[in-house]
Each structure stands twice: as structure tokens, then as C-alpha cells.
Amino acid sequence: MQFSFPLIIFSEQEIAHLEGESDLNDFLYGLTKEQRNGLLLLNKAGRYFDLYNNDVTPITSTELATRVTQQLAQEGICCLSKVTQLTPEQAFMMLDN
């Protein structure tokens, strides 16, 4: 798999900010083929695609905000309740910190 990093990867349970190939390999470790097939990736240009580099239907800005704020809340970041919509660029900025 050849991707341009950074990326945000979404699974059913979590999201992660990937800086490079090793981050991707760590995320994929132990996932079944079915779980890998359900992954969604987002690049900084706002393109949503799967692990096979096929374009997929993007999630809404509201869903993106929900997923990002849930992840940040799990990491102990507070004061996220006013974030209701995010652009891909904003999502990367929030996860970068």
C-alpha cells in the first residue's frame, strides 16, 4: 500500500492520526481481513478512500466532528461540546495536537 501521509483512519471503534507507514502498520496489526475492508481513510486534501485506494462515500462534516471529538475526549481533551461540524483540514488540526 502506497499512501501520502498524514492520514486519518476510521474503524468502527476508533480513529487514529497516522504520520507514516509505521503508524499504519501498527493500526492494521491484528485486524482481520473483514475489519480491514471496513476501514476508511481521509487525506489532508479531503479525499476519502479505502485501503485499496478506491474512493468511498465521504462521511458528513457532522459525523467527522462526532468521531474526532469522541476520540479526543477519550484522550482526556475537554471543552469539545461546541464542535458540531468539521472540515477535513480542521479535523487534522485537532488531531495533530
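For a quick protection proxy, order the peptides 37-43, 56-62 by their average other-Cβ count within 10 Å, most packed first. Mind showing how you got there, number by number?
Values: 37-43: 17.0, 56-62: 12.6.
Output ranking for 37-43, 56-62: 37-43, 56-62.
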Accessible area expressed per residue, the chain, with surrounding protein chains retained (probe 1.4 Å, Å²): 63 Å²
Given backbone amide H placed at 1.01 Å from N, residues whose amide H is under 5 Å from that of L18, ignoring those fewer than 5 places away on the same chain, are L7, I8, I9
Most to least packed among 26-35, 67-76, 45-54 [average Cβ atoms within 10 Å]: 67-76, 45-54, 26-35
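What is the percent carbon and sulfur in the accessible area of the chain, measuring with a 1.4 Å probe over the protein chains and ignoring ligands?
Numbers: 2920 of 6150 Å².
After summing per-atom areas, the C and S share lands at 48 percent.
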Can you figure out the FRET efficiency of C79 with K33, using R₀ = 30 Å and their beta-carbon distance, to the nearest 0.05? 0.15
Under the Karplus relation 6.51 cos²θ - 1.76 cosθ + 1.60, θ = phi - 60°, what is the ordered set of whole-Hz ³J(HN,Hα) values for the stretch 22-31, x standing for Gly and Pro? 5, 4, 5, 4, 4, 5, 6, 4, x, 7
Sequence order, the stretch 32-45: Karplus ³J(HN,Hα) from phi using 6.51 cos²θ - 1.76 cosθ + 1.60, θ = phi - 60°, Hz rounded, Gly and Pro as x, gives 6, 4, 4, 5, 5, 5, x, 6, 10, 10, 9, 9, 5, 7
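Hey, what number do you get for the chain at 222 nm if only DSSP H runs of n ≥ 4 count, each worth -39500 (n - 2.57), divided across all residues, to the nearest 500?
Numbers: 4 runs with 36 residues, N = 97.
For the chain, the value works out to -10500 deg cm²/dmol.
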For Cα extents along the principal axes in Å, which listed value, [x] 36, 24, 22; [y] 53, 26, 22; [z] 64, 28, 22, comes from the coordinates shown? [x]
Per-residue HN-Hα couplings for the stretch 12-17 [Karplus 6.51, -1.76, 1.60; θ = phi - 60°; Hz; x = Gly/Pro]: 5, 9, 7, 10, 8, 9
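Given C-alpha coordinates of the stretch 49-97, what is the ratio Rg to Rh with the Kirkwood estimate of Rh?
Numbers: Rg = 11.9 Å, Rh = 11.6 Å.
On the Cα set of the stretch 49-97, Rg over Rh gives 1.03.
The values are calculated or read from the model by the stated rules, or taken from the named source; none is laboratory data. Just so we're clear, the structure is a prediction, and the values are computed from it rather than from any experiment. With ideal geometry, Cβ positions are generated from the backbone for all residues, glycine too; neighbour counts draw on all protein chains shown. Note: areas computed on protein heavy atoms with side chains; ligands, DNA, RNA excluded. Shrake-Rupley method; radii C 1.70, N 1.55, O 1.52, S 1.80 Å.
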